[in-house]
Amino acid sequence: MGLADNIKSSFRKGSSVTRLIYINASVFLLISITLIIGYLLNNQDIPTKTLDLLSVPASLKSLAGRPWTLFTYMFTHKDIWHILFNMLWLYWFGIIFLEYLDQRKLVSVYILGGLCGAVVYILGFNIFPAFKGVVNESVAIGASASVMAIVIAIAAYVPDYTVQLFLLGKIKIKYLALAIFVLTSVMDFSVNSGGKLAHIGGALFGYLYTLNLKKGRDIGRGINRIIDFFATLFRPRKKLKVTYKKPVTDYDYNKIKKEHQEKINHILDKISKGGYDSLSREEKDTLFKESQKKN
C-alpha cells in the first residue's frame, strides 16, 4: 500500500479529529504550492487570489460576493506556526472531547464555533470605530475560533478533568482552558485584533453549546443534518441486487403442499388430544399464519 492509499485509509477510518487535521493540512499544502508558483513566476497574484477565495473578509460588501468564505476560512492557514499550534490544540483537546462526546458533536462544535467566530469578527470590525480605516482591507483565516470552541466546550463539560503538563504537573482542564483563552484572546488585544475577536466568538459558542447540552439540547444537530445531506449527494449509490427464484415444478409444488398439510394435520391432532396449550410457540405461529390465509 502506497503513501496515498495510506492517507486515504487513515482519513476514511480515522476519527473526526484526524479528518479535520487532514483537511486543514490539505488546504495549507494548496496555499503553499500557490506561494511557490507565484514566487517562481514572479507573479504574486496567484497566491493572493487563492487566499482571497478562502479568507473571510470583514467588509460586508466583499462578503456578499464570496459568502462561502464563512466556512473556508476556518480551514485556511498561510504560516507554518499558525497551523502547527492550531492542529496541536485541536488534537489534544479533540481527544479529550471524544472521551465524553461523540464525533458528530465535535464536528458541529468545530464548524459552528468557526462560524460564530467569523460573525463576531465581522460585526466587531463594522461596529467599533477602531477598525473604521481597515475594515475594507481586513480578512481573517485560521482554525483558531473553531479550536477555541472545542477547548471551551469540553472544559465546560468536564471542568475537573486533570491533565499532566510538563514542569507544571497536574492541572484541571478548566484552568488550562481559561489560561489559553486569556493569553490568545485578551492579552495585547491591539495586536491581531481580528483574530482575537474570532477567538472570543468561538469561545462564546463553545460555552453556550455545553450549557445547552447539559440541559438536553444539542444546538449543533442542525449542522450535522446539513453535512449528512451533502454527504449523501457524493456517496456512490448502492447497486440493487436482484435475486431470482428457481421456478418450482409441479412435482415440487405438490410435495411442499403435502408436507405443509401434514404439518397442519399434526397440529390439529395435537390440539384434539392435549388442547391448544399443548402446542409449542412455533406450532402456534404456524396455525395462526394458516388461519390468516383462510381469512
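Just so you know, all these numbers are worked out from the coordinates, no wet-lab data involved. Note that the structure is predicted; figures quoted are calculated from it, not measured.
Overview of values
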item	result
The stretch 250-294: equivalent-ellipsoid semi-axes (sqrt of 5 x gyration tensor eigenvalues, Cα, Å)	22, 12, 8
Whole-Hz couplings from phi, Karplus 6.51/-1.76/1.60, listed for the stretch 259-266; x for Gly and Pro	5, 5, 5, 5, 5, 5, 4, 5
Integer Hz, Karplus 6.51/-1.76/1.60 couplings in order for the stretch 169-186, x for Gly and Pro	x, 7, 8, 6, 5, 5, 6, 5, 5, 5, 5, 4, 4, 5, 5, 9, 10, 10
Phi-based couplings in Hz for the stretch 127-144 (Karplus 6.51, -1.76, 1.60; Gly and Pro marked x)	9, 7, x, 4, 9, 4, x, 10, 4, 6, 9, 6, 9, 10, 9, x, 8, 4
Pairs of alpha carbons in the stretch 12-150 whose separation is greater than 25 Å (percent)	32 percent
In Å, descending, principal axis extents of the Cα set of the stretch 52-127	42, 26, 21
Debye log10 I(q)/I(0) at q = 0.11, 0.12, 0.15, 0.16 Å⁻¹ for the chain, Cα point scatterers	-0.73, -0.84, -1.23, -1.35
Residue-averaged 222 nm ellipticity for the chain, from DSSP H runs of 4+ at -39500 (n - 2.57), nearest 500	-22500 deg cm²/dmol
Computed over the chain: relative contact order in percent, which uses C-alpha pairs under 8 Å that are six or more apart	16 percent
Listed residue pairs exceeding 26 Å between alpha carbons, taken from LYS172/LYS196; LYS8/LYS174; LYS257/LYS284; LYS257/LYS289; LYS105/LYS172; LYS172/LYS215	LYS8/LYS174
